[in-house]
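What follows draws every value from the coordinates through simple rules; no lab data is involved. All values derive from a computational prediction rather than experimental measurement. Backbone-built Cβ (ideal geometry, glycine too); neighbour counts: all protein chains shown.
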Amino acid sequence: MSIWFYYALLVLCCVFVFLKGGAPERIGTAILAIGSVLTFLALSGRTNEYRSVATWVIVIDVVCLLAFLVLALRAERYWPLWITALQLIGAAAHAVRLVDPAIIGRAYAFALGFWSYPMLLLIALGTWRHQQRLALNGADPSWSNSSARSGRAPQGGPTV
């Protein structure tokens, strides 16, 4: 698919999440958007896209993976766990390419970019579920230890 199609979806997702999402959804979208833009910048001007491993793209993907992991550990949601897993799969593609440089560039590019689409879908779905919980309960705690800070009793486990 076209990179511009992805960026159009990213912009739509950002608008939706920043209008309707809670703090975890906004942070997750910011991580994804910043990582996407930085990756685009890291690859711009390269004539041999995906023919070799781009060091800066590995760094960006690992930093995004760590940011999603922290979000998953702190957020009172399930979707960050899924996004972290998808980011790990994408980051693992770099390791595979490093181990076996003979992998076709298109396959490497696909392995890196494919997972961004389900990540957008998961954040949008998480935002939609956040709105449902707000309508149903009148509140939707964002952070797993927010009840400890506010003195309220915990109200169950994480939500999607």
Taking neighbour counts of Cβ atoms within 10 Å as a proxy for exposure, in what order, fewest first, do ILE3, ILE83, ILE60, ILE31 appear? ILE3, ILE60, ILE31, ILE83
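Under 8 Å for C-alpha pairs, at least 6 residues apart: give me the relative contact order for the chain, rounded to a whole percent. Walk me through the numbers before you get to the answer.
Details: 157 pairs, mean separation 48.3, N = 160.
Relative contact order for the chain comes out at 30 percent.
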Selected from SER36, SER116, SER44 as most flexible by GNM, with the chain as the system and alpha-carbon contacts under 10 Å: SER44
Residue of LEU86, LEU19, LEU73 that the Gaussian network model of the chain assigns the largest fluctuation, springs spanning Cα pairs under 10 Å: LEU19
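Go ahead and estimate [θ] at 222 nm for the chain from helices alone: -39,500 (n - 2.57) per DSSP H run with n ≥ 4, summed, over the residue count, rounded to 500. Before the final figure, lay out the partial values.
Values: 7 runs with 116 residues, N = 160.
Calculated from helices alone, the mean residue ellipticity at 222 nm is -24000 deg cm²/dmol.
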Within the under-11-Å Cβ sphere about LEU134, not counting LEU134, Lys/Arg +1 and Asp/Glu -1 give a net charge of +2
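What helices does the chain hold that run 18 Å or longer along their axis, going by alpha-carbon atoms, with a Kyte-Doolittle average of -0.5 or more, using DSSP H for the helix calls? Present the calculation step by step, with values, prior to reporting the outcome.
Numbers: long enough: 3-20 (25 Å, 2.23); 23-43 (30 Å, 1.44); 55-74 (29 Å, 2.41); 79-99 (30 Å, 1.23); 116-137 (31 Å, 0.20).
Sorted by number, the helices that extend far enough and score high enough are 3-20, 23-43, 55-74, 79-99, 116-137.
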Most mobile listed residue (PRO80, PRO24, PRO141) in the chain, GNM with C-alpha springs under 10 Å: PRO141
What percentage of all Cα-Cα pairs in segment 4-73 are separated by more than 21 Å? 33 percent
For SER144, other-chain or 5+-apart residues with amide H closer than 5 Å (H placed, Pro excluded) are ALA75, GLU76
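Applying 1/(1 + (r/R0)^6) with R0 = 35 Å to the Cβ-Cβ distance of LEU43 and LEU73, what FRET efficiency is obtained, to the nearest 0.05? If you can, show how the numbers build up before the last one.
On the way: r = 30 Å, r/R0 = 0.85.
Here the calculated transfer efficiency is 0.70.
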Sorted from fewest to most neighbouring beta carbons within 10 Å, what does the list LEU122, LEU88 look like? LEU88, LEU122
